[in-house]
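*Asks:* The following block contains the structure, expressed as structure tokens.
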Amino acid sequence: MANARSKYIEDKANGSAIIEMLKDEISGVVPVDPEGGKEARANAVSPLFEAGNVYLPHPNMCPWVEDLIEELVSFPNAAHDDLVDMTTQALNQLYTNNSNPIDRYKNLLGR
């Protein structure tokens, strides 16, 4: 997480306490209050996947991708949904910003 410029934390339930605890310890903590429930947020970004606009690294390079895909395709009936929630939040941040997609990507990478 050292390279991440922003760390989005839901300002709900335990998130508020986590924000309070971390805001003076690490930079870039951003409280967020997402709109709608997890299913609504997943439905809102599903066209990005369907259109082929979401690219994931190959599992040989990033083994966590297999867990992410499994959770995405099992949602909302999977035992866990944290990766789905994280993915929808990231895509929402990427696609609701009005800047050029390449510039947004470079910004995420810190370039």
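*Asks:* With a bin width of 10 angstrom, please list the P(r) values of the chain as percents of all Cα-Cα pairs, from the 0 bin to the one holding the largest distance.
*Replies:* Final binned percentages: 12, 39, 40, 9, 0.
*Asks:* Show the residues, 5+ positions off or on another chain, whose built amide H is closer than 5 Å to the amide H of Val32.
*Replies:* Amide H to amide H, under 5 Å and 5 or more residues apart or across chains, Val32 pairs with Ile9, Glu10, Asp11.
*Asks:* Another one. If each of Glu39 and Leu56 carries a label point 7 Å out from its Cα toward its Cβ, how far apart are those two points in nm?
*Replies:* Inter-label distance under the simple model: 2.2 nm.
*Asks:* A further question on this structure: Enumerate the aspartates and glutamates that Lys12 could reach by cross-link, defined here as Cα to Cα under 18 Å, with residues fewer than 8 away along the same chain left out.
*Replies:* Counting by Cα, and skipping residues close in sequence, Lys12 has these aspartates and glutamates nearby: Glu20, Asp33, Glu35, Glu39, Asp81, Asp82, Asp85.
*Asks:* Among Pro31, Leu56, Ala17, whose Cα sits farthest toward the positive end of the charge dipole of the range 9-86 (+1 at Cβ of Lys/Arg, -1 at Cβ of Asp/Glu, about the Cα centre)?
*Replies:* Ranked along the dipole, the leading option is Leu56.
All of the numbers you see were taken from the coordinates with simple rules; none came from a lab. Keep in mind the model is a prediction, meaning the values are calculated, not measured. With ideal geometry, Cβ positions are generated from the backbone for all residues, glycine too; neighbour counts draw on all protein chains shown.
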